[in-house]
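The values are calculated or read from the model by the stated rules, or taken from the named source; none is laboratory data. What you are looking at is a predicted structure, and each value in this text was computed from that prediction instead of being measured. Note that we place each Cβ from the backbone using ideal geometry, even for glycine, and neighbour counts take in every protein chain shown.
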C-alpha cells in the first residue's frame, strides 16, 4: 500500500510542477501586463516596477525563483495590483470560508445523494423510486449558477427567510443557501450513480446467497450491498471535488461570501496574474491531493485493485 | 383438428423471409430509440429550440442592440412581455428587446456546445484511436499526458487563458476545445483496444494497409456509436461550461450574449420586479439541457447491445 501511495506521489509532484511552469509561461506570454494602465506610466516607473518584481530576469530564472519560493517558503509572492498585500494573505483571507461551505456541500451531496440512490434502488419501480429519479433528473439541470438566483428569489425576496448574501462564521443561516446551491446538481448525479450501481449489486449472486440463508434485508443491504455499490460513487468523488471548488467561484460572486473564488475573479478582472496563479496552483494541488486520497480509498475498498 | 394449410404456408414463408431479411443493428437501434418516450421528447425539444435559434430572429420586431427609449427607466412597469409593443419576452433593464437577445444567446450557446463537442469528437477520436492502435510505449506516454491534463483544474486554466489572451469567441472555442477531448480520447482508446485484435483489422494489416489508413478506414467507423452517444452528452456539458464562465462575466462580451450572460443579467435585476429577464433565458437553458440529456441517455440505451 505504501509503495502504491509513493508511486502515485511520484506522478503527482511532477504534475503540479508542470502546472506551475505552464501557468507561469502562459502569464509571461500574455499581452499586456499588470502595469499597463489607461494612463500610461512613465517608462522609468515601469522599469523600476519591473525590476522590483523581477520581471527583467530571464524566464528560467523567474520560474526558478517562483518555484523556489513556493516550495521552500510556501510564498506565492506579492500581489501585482495591491502592493501592500501578498498573494498568501489574499488567499488566506478567503480560504476558510470556501473550505467551510465547500466541505458542508460535499458531505451533504454525498449523504443525500447516496441515501436517495439507495432508497430508490431498494424500492425499485415504486413511487419512492420515481420520486427519487424525478428529483435527480430535475436537479441535474440546475447547476450552481442557476440554483443561486432561484434560491435568493424564493427564500430571500419572496419569503424573506434567509439573508441573500454575506458570510458569518457564527451564523449558520448564511451557510444554507451557498450549500444548497453548490450541492444540488452533484447530489443528483451521485443519486443516479448510486441507484444504478446498487441495482446491479442487488441482482448479483452474493446478495441472493445472503438472502437465501435468511439474513434480514436491512443487514443484507448494509453488510453486503452497500460496500460494492459505493465503488462507482467513490471514483466519481474526484470530479465532484473539482467541480465544487470551481463552483465556489460562482458562490463567492453571487452570495458575496468572500471566499477564494472572489479573489480569483477579482484578480482575473484586474489582471492580477500573481493572485490568479496562486489560486490556480492551490486548487491544482488540492485536486491532485484529493485524487490521491480517492485512489487510495478505492484500492482499500476494492480488493481486486492491484497496488 | 383442421388446420388451414394455406394460412400455415403463408405464415411459414413470411417467417422465413423475415429471417432472411434480418435486422441491421442500426435499424434495431432506431426502433429502440423511437420507442423511448423520454428520448423522443428530448429530440422534439431540441428540434424546436434549434428552429427558435435559426428563424426566431425573423420574428423579432426589435434588433438585439436597439434601445427602446419609451420603456427606458421604467422597465419594471412598461417592459414586461407584451405583443402590443413587439417585446414578446419583455425588455432588459437597458430597454433592449429580450426576445432578440434570447434568440442570439440561444444561437451562441448552441454553437459553443456543438463546436466544443465537435472538437472533442475529432481530436479525441483521432488521439484515442492512435494511442489504442499503436499501443506500447507511445500509448503509455499519450495516455499519461491525458491523465496529467485531466488533473488540472481546467475551469481556472480556461479563465486564465481568457483573461490573458482577451475574451474573444475564438479564444473561448479554443479554450473549451482544449479540455473537451480528454474524456473522449480515453473512451475511444478503450474501444480501440477491444477492436484492434479483431479479424478484419488483422486482415487489413496482412494485406499491407498502412496504420493511419487502418485507423481512419476501419477503426474510426466502428467507434461511431460510442462517439455519437458521448458527443450528445458532451454538448450540454460544453453549454454548462460556457454559461458558467459567462455568468461570471468572463465569457462572451457585449453586444454578443449567451444563456449564461442572460441568466446572470436576469439574476442581477430580479429584485427590481423584472422577473421575465431571468425566466426566459433560464427556461431555454433548462429545457435544452433536458433535451440533450434525454437524447443522450436514449441513444446510449438504443445502441447498447446489452439491451437487446
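Listing for the model above:
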item	result
Positions within region B:144-160 being more than 7 Å from every other protein chain (Cβ to nearest Cβ) and touching a helix residue (DSSP H, G or I) at 6+ places or on another chain (Cβ under 7 Å), in sequence order	B:146, B:149, B:150, B:154, B:158
Whichever residue in region B:238-259 is within 11 Å of chain A (Cβ to nearest Cβ) and in contact (Cβ under 8 Å) with a residue 60 or more places away in the chain and, among such residues, is farthest from residue B:286 (Cα to Cα)	B:250
Candidates A:299, A:225 - the one that is more than 11 Å from every other protein chain (Cβ to nearest Cβ), crowded, with 21+ Cβ neighbours inside 10 Å and within 30 Å of residue A:213 (Cα to Cα)	A:225
Scan of region B:176-228 for residues that are farther than 18 Å from residue B:303 by Cβ, over 18 Å from the mean Cα position of the chain (by Cα) and in contact (Cβ under 8 Å) with a residue 40 or more places away in the chain, ordered by number	B:186, B:189, B:193, B:196, B:211, B:214, B:215
Search result, residues across region A:155-186 that are within 11 Å of another protein chain (Cβ to nearest Cβ) and without any contact (Cβ under 8 Å) to a residue 60 or more places away in the chain	A:156, A:157, A:158, A:185
When residues of region B:177-225 are limited to those that are within 30 Å of residue A:269 (Cβ to Cβ) and at pLDDT 85 or above, the one surrounded by the fewest Cβ atoms within 10 Å (Cβ to Cβ)	B:182
Hits in region A:8-24 (condition: more than 11 Å from chain B (Cβ to nearest Cβ) and without any contact (Cβ under 8 Å) to a residue 60 or more places away in the chain)	A:10, A:13, A:21
Meets criteria (within 26 Å of residue A:180 (Cβ to Cβ) and not in a helix (DSSP H, G or I)) for residue A:287	no
Residue match in region A:107-114 (condition: under 25 Å from residue A:238 (Cβ atoms) and within 14 Å of chain B (Cβ to nearest Cβ))	no
Some residue of region A:192-203 being over 30 Å from residue A:243 (Cβ atoms) and either touching a strand residue (DSSP E or B) at 6+ places or on another chain (Cβ under 8 Å) or assigned to a loop (DSSP other than H, G, I, E, B) (or both)	yes
Residue in region A:40-48 that is in contact with a helix residue (DSSP H, G or I) (Cβ under 6 Å, 6 or more places away or on another chain) and surrounded by 15 or more Cβ atoms within 10 Å (Cβ to Cβ) present	no
All helices (runs of 4 or more DSSP H) inside region A:58-163 with 2 or more residues being surrounded by fewer than 16 Cβ atoms within 10 Å (Cβ to Cβ) and at pLDDT 85 or above	A:87-122, A:127-140
Subset tally (residues that are facing chain A (nearest Cβ under 10 Å) and under 17 Å from residue B:238 (Cβ atoms)) for region B:260-280	2
Conditions (1) more than 10 Å from every other protein chain (Cβ to nearest Cβ); (2) assigned to a helix (DSSP H, G or I); (3) at pLDDT 85 or above; number of the one not met by residue B:289	(1)
Residue identified as crowded, with 20+ Cβ neighbours inside 10 Å, in contact with a helix residue (DSSP H, G or I) (Cβ under 6 Å, 6 or more places away or on another chain) and within 18 Å of residue A:189 (Cα to Cα) among B:250, B:289, B:299, B:278	B:289
Residues of region A:78-100 that turn out to be touching a residue at least 24 places away in the same chain (Cβ under 8 Å) and under 17 Å from residue A:268 (Cα atoms), as a count	10
Qualifying residue in region B:116-136 (condition: assigned to a helix (DSSP H, G or I), within 14 Å of another protein chain (Cβ to nearest Cβ) and more than 22 Å from residue B:239 (Cα to Cα))	no
Total residues in region A:238-265, condition more than 11 Å from chain B (Cβ to nearest Cβ) and surrounded by fewer than 21 Cβ atoms within 10 Å (Cβ to Cβ)	2
The listed residue being within 17 Å of residue A:179 (Cα to Cα), free of Cβ contacts under 8 Å to residues at least 40 places away in the same chain and more than 11 Å from chain B (Cβ to nearest Cβ), out of A:131, A:103	A:103
